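Enquirer: First the structure, which I've put down as structure tokens, then a few questions once you've had a look.
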Amino acid sequence: MVRIVAKFGGTSVADIERIREAAKRVKTEHDRGNQVVVVVSAMAGVTNQMVSLTDQMSSMFDAREYDVIVSIGEQSNAGLMALALQNLGIPARSWMGWQIPIHTDGIHGKARITGIETDELERRLESGEVAVVSGFQGLGPDNRITTLGRGGSDLTAVALAGALKADSCDIYSDVNGIYTCDPRIVEKAQKLSAITFEEMLEMSSLGSKVLQTRSVELAMNHGVKIQVRSAFSDEPGTFVVNEDEIVEQQIVSGISDSIDEAKITLLRVADRPGIAAGIFGPLADASINVDMIVQNVSEDGMTDLTFTVGKADLNAAAGLLESNKEDIGYGELIRDPDVVKISVVGVGMRSHAGVAQKMFQTLADAKINIKVISTSEIKVSVLIDEKHREQAVRALHTAYGLDGD
Ligand code: ASP
Ligand code: MG
């Protein structure tokens, strides 16, 4: 007997028929004698609809009420899933976040989980009952409903799996696994049988929207084994695990691309101590995340500085810098939204040299100009013109030997 947390994403519980199909998967596990906790998302589109209603009612909304409204889709789906299971003869009961409770801090709209009480859940699981838990919801210190940020049902699932010491946390959605790159771009993309937490974290934060980034962080910290798999087929998905559980570790596991990038260049900045702080301070104060940064060598005490922000932040960031132009002291600001960040990710980089060089050479051979480079222990990223996106991803996919048949 094993203990499983099975989380169903919005498309896999998008209507009555799909909830029935999802319930059959749960029944299969239950029939095997396994203990199952089901975590449900809202029906696809419902959360967005609720966010929109909130916005229409008041644009400067009270986040406590936002949470009451947007958490509704998970509530009804938990009830519907419990009924679907009961129809199949399985004892099942729904649980809202506050009933368990899943305690969180008081940051409404993107609360963090601070603790989960599992005694009653454990008791019910031992007795063979399936617990159906509303994803995305928690209970704040003010005794009110909180939500865990968009995509937060993944976090509910991983946190429950951790607290219940589940053997596996299965994330069912319309995606059947994690690929070496976006299969819509590269036909020869291959599904990975396993990927490490760290690689997944890089991939999540780089834009592959399969798992909420915070849920991967939590899984890594608590050693929760995740399987990303399709709700519509029986084939195994991709396991997200510790490095030592992967038998044949590749040097590079995947290539990811993010078009959610924009580049800002400041020309003729006076090269003196405090200049970076002067530029990035106002951006940090405005909660604008800066990602890649390069500063040129200075000539005659003047330098150029280039960095990237999220596309949605481009105008705000540029506006802030323009209004602080006198204080910062620069010649000209150039904005460029037509860029893409391409990254090569793999834990094998730690022990193998030449990964970055291969990337640069491959792009050079394809006559693609690199604008900015950044690296971490397990990732090399470059910023290039958006028009070269597909060509670059394809060339790199081939160069690192990732092409399938
Ligand atoms: N329904 C919520 C959202 O769309 C939570 C989730 O599905 O993970 O963000
Ligand atoms: Mg999701």
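Nothing in this text is a laboratory measurement; each read-out follows from the coordinates by a stated rule. Worth saying up front: this structure is predicted, and the values here are computed from it rather than measured. No Cβ is skipped: glycine too gets one built from the backbone with ideal geometry, and neighbour counts run over all protein chains shown.
Enquirer: Anything in the stretch 1-31 that is part of a loop (DSSP other than H, G, I, E, B) and away from ligand 2 (no atom under 16 Å from the Cβ)? List them, or say none.
Expert: Selection gives Met1, Val2, Asp15.
Enquirer: How many of the residues making up the stretch 104-160 are touching a Ser or Thr at 6+ places or on another chain (Cβ under 8 Å), at positive phi and not small (Gly, Ala, Ser)?
Expert: 1
Enquirer: Residue check: is Ile107 among the aliphatic types (A, V, I, L, M) and under 27 Å from the mean Cα position of the chain (by Cα)?
Expert: yes
Enquirer: Looking only at the stretch 104-133, which residues are assigned to a strand (DSSP E or B) and more than 21 Å from Arg214 (Cα to Cα)?
Expert: Val130, Ala131, Val132
Enquirer: Moving to a separate point now. All but one of (1) of a type in the set (S, T, N, Q); (2) more than 28 Å from Ala395 (Cα to Cα); (3) over 24 Å from the mean Cα position of the chain (by Cα) hold for Thr306; state the number of the condition that does not hold.
Expert: (2)
Enquirer: Given the options Gln86, Gln99, name the one that is without any contact (Cβ under 8 Å) to a residue 12 or more places away in the chain and either farther than 24 Å from Ser12 by Cα or buried (at least 23 other Cβ atoms within 10 Å of the Cβ) (or both).
Expert: Matching residue, one of Gln86, Gln99: Gln99.
Enquirer: If I ask for residues that are within 16 Å of ligand 1 (Cβ to nearest atom) and over 13 Å from Ser173 (Cβ atoms), which ones from the stretch 202-238 would you list?
Expert: Of everything in the stretch 202-238, those that are within 16 Å of ligand 1 (Cβ to nearest atom) and over 13 Å from Ser173 (Cβ atoms) turn out to be Ser204, Thr213, Arg214, Val216, Glu217, Leu218, Ala219.
Enquirer: Still on this structure: Examine the stretch 54-65 for a residue that is farther than 24 Å from Cys169 by Cα, within 16 Å of ligand 2 (Cβ to nearest atom) and of a type in the set (A, V, I, L, M, F, W, C), and state whether such a residue exists.
Expert: no
Enquirer: Then there's this: Can you confirm whether the stretch 385-403 contains a residue that is surrounded by 15 or more Cβ atoms within 10 Å (Cβ to Cβ), in contact with a Cys (Cβ under 7 Å, 6 or more places away or on another chain) and more than 17 Å from Ile251 (Cβ to Cβ)?
Expert: Yes, the stretch 385-403 contains at least one residue that is surrounded by 15 or more Cβ atoms within 10 Å (Cβ to Cβ), in contact with a Cys (Cβ under 7 Å, 6 or more places away or on another chain) and more than 17 Å from Ile251 (Cβ to Cβ).
Enquirer: OK, next. Would you mind telling me which numbered condition in (1) more than 16 Å from ligand 1 (Cβ to nearest atom); (2) touching a residue at least 60 places away in the same chain (Cβ under 8 Å); (3) within 20 Å of Phe8 (Cα to Cα) Cys181 fails?
Expert: (3)
Enquirer: Of all residues being small (Gly, Ala, Ser) and within 12 Å of ligand 1 (Cβ to nearest atom) in the stretch 139-176, which is nearest to Val2 (Cα to Cα)? Just the residue, please.
Expert: Restricting attention to the stretch 139-176, the residues satisfying the condition of being small (Gly, Ala, Ser) are 140, 149, 151-153, 157, 159, 161-163, 166, 168, 173.
The next check asks that each one be within 12 Å of ligand 1 (Cβ to nearest atom); those that pass are 149, 151-153, 157, 173.
Details: Gly149: 30, Gly151: 26, Gly152: 25, Ser153: 22, Ala157: 16, Ser173: 22 Å.
Here the residue is Ala157.
Enquirer: Being small (Gly, Ala, Ser), over 13 Å from Trp95 (Cβ atoms) and away from ligand 2 (no atom under 15 Å from the Cβ) is the filter here, so list the residues in the stretch 133-158 that pass it.
Expert: Of everything in the stretch 133-158, just one residue is small (Gly, Ala, Ser), over 13 Å from Trp95 (Cβ atoms) and away from ligand 2 (no atom under 15 Å from the Cβ), namely Gly140.
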